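Each remark here refers to the structure printed beneath this line.
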Amino acid sequence: MESLNDFMSLITSDSYRLLDLLFRLLINTVFTVIIARCFYFPKSRRIDFFFTYVLVGFGIFMLIHLMGDAKLKTGIAMGLFAIFCIMRYRTESVPIREMTYLFLVISLAAINGLAWMADISDKHPEFLAPELTAMIELTVTNMLFILVIWIAEGGKWVTSLSTKYIKYDKIDLITPERRAELIEDLRKRTGLNIQDVAIGSIDFLKDMALIKVFYTESDNKDNDDSLQKMPKLYD
């Protein structure tokens, strides 16, 4: 214990800054990859967003950490959130789940880049080193992120309904009094366990209606959110 303290005291200021950067970068990268690979990717299977999360996490961390001496710590973090809120990746409409994970990755990078190094050496000299204690605290904070995501993704206490848009041809069944017949017909034709429906636009010239169905998914589910968005023609 004393030898480690002696070793830490021999580290120069420049070497300490470099080690601090490398340790924080390692923690941020490891937990960002865990979030993107173990929680986001298994359900969405979108390699483009996995690639985005890893690089955004790296870029935000480096930007915030290296600009920490500018004494704009909180302002920089909040400014980055504001920029992404305004932009929202305007080249593409990003689904809410992808946006949530993006903000999580940004939050994690901001915390890892801005967290203060606790100076507790005077109060607790028996600790290995104040820097090591701060790194442990930072690691525990990242683990709490993982725990909350794991609990939220489990979703054991809520019933989730998926949705699909269907162009339906039997418009005589869309009246409120025949709603049960409509749901039963959709169940037979789609094979989905449909729980409810919502009637959208109706075209009497083509005998067609746009219907949004709500259904429960099986374990082997296809949950590609990119297929749920209707073209502007049908909005």
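Please rank Ser201, Ser44, fewest neighbouring Cβ atoms within 10 Å first, as an exposure proxy. Could you put the intermediate results ahead of the total?
Details: Ser201 11, Ser44 19.
The most exposed by this proxy come first: Ser201, Ser44.
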Calculate the spin-label point distance for Asp185 paired with Ile47, positioning each point 7 Å from the Cα along the beta-carbon direction, and give it in nanometres.
4.3 nm
Would you pull out the residues with amide H under 5 Å of Glu217's amide H, same chain only if 5 or more places away, H placed 1.01 Å from N?
Ser162
Net length gained if the chain between Ile151 and Cys38 were fully extended (0.36 nm per residue, minus Cα distance)
39.4 nm
For the pairs Lys188/Lys212; Lys167/Lys188; Lys164/Lys188; Lys43/Lys167, flag any whose C-alpha to C-alpha distance is greater than 18 Å.
Lys43/Lys167
Gain on full stretching of the segment that runs from Met143 to Phe103 - 0.36 nm per residue minus C-alpha separation
12.7 nm
Using 7 Å Cα-to-Cβ label points, what is the Lys164/Thr216 separation (nm, one decimal)?
1.7 nm
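Coordinate-derived values only; no laboratory data. All of these numbers come straight from a predicted model, not from anything done at the bench. Using ideal geometry, Cβ is built from the backbone for each residue, glycine included, and neighbour counts are taken over all protein chains shown.
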